[in-house]
Structure formats: structure tokens, C-alpha cells
């Protein structure tokens with residue numbers, strides 16, 4: 001992303017690392033010149049060698065009774081940001097160092113039917129777990 005910004009600076013307004021304003025979707029935030037906010041969450045997983053693929057269980061697992069799953073944290077963060085009129089569109093991309101497991105056979109990708117909704121499309125990009133336009 002940083003190289004893209006350097007090569008085509010007019011495509012991005014700003015880029016921030018560890019952007020706490022965006023809750024749990026804070027690893028890399030990019031505001032594109034078209035008003036799209038792109039939130040990139042990086043999931044580097046080293047535990048669970050018996051499960052080589054990142055699974056739905058990994059995203060829904062809770063640490064304790066009162067804790068929230070990764071998906072819940074990400075979704076709540078997205079809802080907060082998506083409601084901000086400063087952004088024309090909000091995209092969330094989850095990057096992982098493991099391929100998706102069998103039970104993540106599809107992802108939300110491309111061509112939203114409204115500002116807030118997406119179509120389900122087949123998963124085609126290795127190590128790109130999810131994209132919410």
C-alpha cells in the first residue's frame with residue numbers, strides 16, 4: 001500500500017498505521033482520493049498448527065465469557081465508521097498469513113447493492129480472507 005501511494009500519490013489522501021480512531025480495524029487505514037476509506041486488518045496467526053487454514057471458528061472464537069470474537073469486534077468497528085458521513089464508502093480487508101480454511105468458501109466482495117450491503121462471491125484471492133465494500 002505504501003509503495004502504491006508513492007507510485008500514485010494522487011490516488012490517496014492519507015495513510016495511517018495503527019489508526020486507533022477505527023476501533024479494531026486499525027492496522028492500516030487509507031483514505032482514497034474518491035472518498036473511500038479502506039481499513040486493512042492484518043491477522044498474523046502462529047498458534048494452532050493443527051489447523052493450517054484460518055477458519056470461521058477462529059473468527060468467532062471468544063477468549064472468555066464477556067469477551068467478543070474477532071468478527072464481533074470488527075463488525076462493531078465497521079458499523080461505527082460506516083455511519084460517519086465523512087466517508088463516501090468504507091471497505092474492510094482482512095489479510096492473513098494463512099490461507100482460508102474449507103469453511104470459508106466465500107467472501108463478501110465487489111459491487112455492493114447499496115452503500116451498506118455486498119454480494120457474496122467465490123473466494124479467489126489467496127490469503128485475503130474477507131473484503132467488505
Among residues of region 76-112 being assigned to a loop (DSSP other than H, G, I, E, B) and modelled with pLDDT under 70, the residue nearest to the chain's Cα centre (by Cα) is 109
For residue 8, only one of the following conditions fails: (1) modelled with pLDDT under 85; (2) within 19 Å of residue 96 (Cα to Cα). What is its number? (2)
Test: residue in region 32-42 that is within 27 Å of residue 11 (Cα to Cα), assigned to a loop (DSSP other than H, G, I, E, B), touching a helix residue (DSSP H, G or I) at 6+ places or on another chain (Cβ under 6 Å) and at pLDDT 75 or above: yes
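Please specify each residue of region 74-97 satisfying the condition of being under 22 Å from residue 54 (Cβ atoms) and either free of Cβ contacts under 8 Å to residues at least 40 places away in the same chain or touching a helix residue (DSSP H, G or I) at 6+ places or on another chain (Cβ under 7 Å) (or both).
Just the residues of region 74-97 that are under 22 Å from residue 54 (Cβ atoms), to begin with: 74-78, 91-97.
Across region 74-97, the qualifying residues are 75, 77, 92.
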What single numbered condition from (1) modelled with pLDDT of 85 or more; (2) out of contact with any helix residue (DSSP H, G or I) (no Cβ under 8 Å at 6 or more places or on another chain); (3) farther than 16 Å from residue 29 by Cα fails to hold for residue 71? (2)
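The values are calculated or read from the model by the stated rules, or taken from the named source; none is laboratory data. Please read all numbers here as calculations on a predicted model, not as lab measurements. Here Cβ is always computed from backbone atoms with ideal geometry, including for glycine, and neighbour counts include all displayed protein chains.
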